[in-house]
Structures are given as structure tokens and as C-alpha cells.
Amino acid sequence: MIVCSCNVLSDGAVRACLKDGPDCPRTPAQVHACLGCSPKCGRCARTIRSIMQAALQGALQDAVAEAGHACGTGCASSCSLVQFQTAGEGIAA
Ligand code: FES
């Protein structure tokens, strides 16, 4: 599905540029730059941001599923993995 009509970017292209590491785009403008273009009208920003949030949520689920959670109770209140994991299990953090 085309999510940016100005640059003809698909949702798959947006997802493909979201990789682990410090070079991962953090804003829709950075996604455009990663894909070799720049935002024009900006109508796609909200959709691209939604795709980025869904990808992050999926990555967190994968990380919790693969590694489990090994943190002690000291970090539990501020750890995003614990908050995500316990929210998914219906347990208040
Ligand atoms: S639709 Fe993406 S910049 Fe216009």
C-alpha cells in the first residue's frame, strides 16, 4: 500500500528501513531520508509514525519472547520491557 503519494513510498518500504541500531530512523522525516527522499506535503507523517510505533511494539514483543526478562526488582518500575510485558499479561507494573 502506498503511504506517501508524493514520494510513492509503500508501507513495506517504510518497514524495511526500520532496523535495529542507532541508525534506525526515529521520525517520519528520517524515514524519508533513509529512503532517499524528503517529505513534501507531510500528509503521510501520521501514517508513517503509526507504522514505526507498530514496528517498535513488535520488536519489543520479540525481545521479551526471545530473551525473557532477567532484570531484578530494582529496575522493574522504570523498565519499558517490564511495563510492556506486564501490561500484555494484564498485571499492573
Ligand atoms: S504524502 Fe508524503 S510527503 Fe506528501
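Results, tabulated for the structure shown:
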| quantity | calculated |
| --- | --- |
| Whether region 2-68 is rounded, prolate or oblate, judged on the alpha carbon gyration tensor where a/c under 1.5 counts as rounded | prolate |
| Largest to smallest accessible area among 51, 2 [probe 1.4 Å] | 2, 51 |
| Inter-probe distance in nm under a simple model that places probes 7 Å from Cα toward Cβ, at residue 60 and residue 40 | 3.5 |
| Residue 5 versus residue 19: modelled label distance in nm, points set 7 Å from Cα along the beta carbon direction | 3.2 |
| Most to least packed among 37-49, 56-68 [average Cβ atoms within 10 Å] | 37-49, 56-68 |
| Of all accessible heavy-atom area on region 2-68, the percent that carbon and sulfur account for (1.4 Å) | 52 |
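The values are calculated or read from the model by the stated rules, or taken from the named source; none is laboratory data. Predicted, not measured: the structure shown is a model, and the values here were computed from it. Note: ideal-geometry Cβ built from the backbone for every residue, glycine included; neighbour counts use all protein chains shown. Side chains included, ligands, DNA and RNA excluded: accessible areas come from the protein's heavy atoms. Shrake-Rupley method; radii C 1.70, N 1.55, O 1.52, S 1.80 Å.
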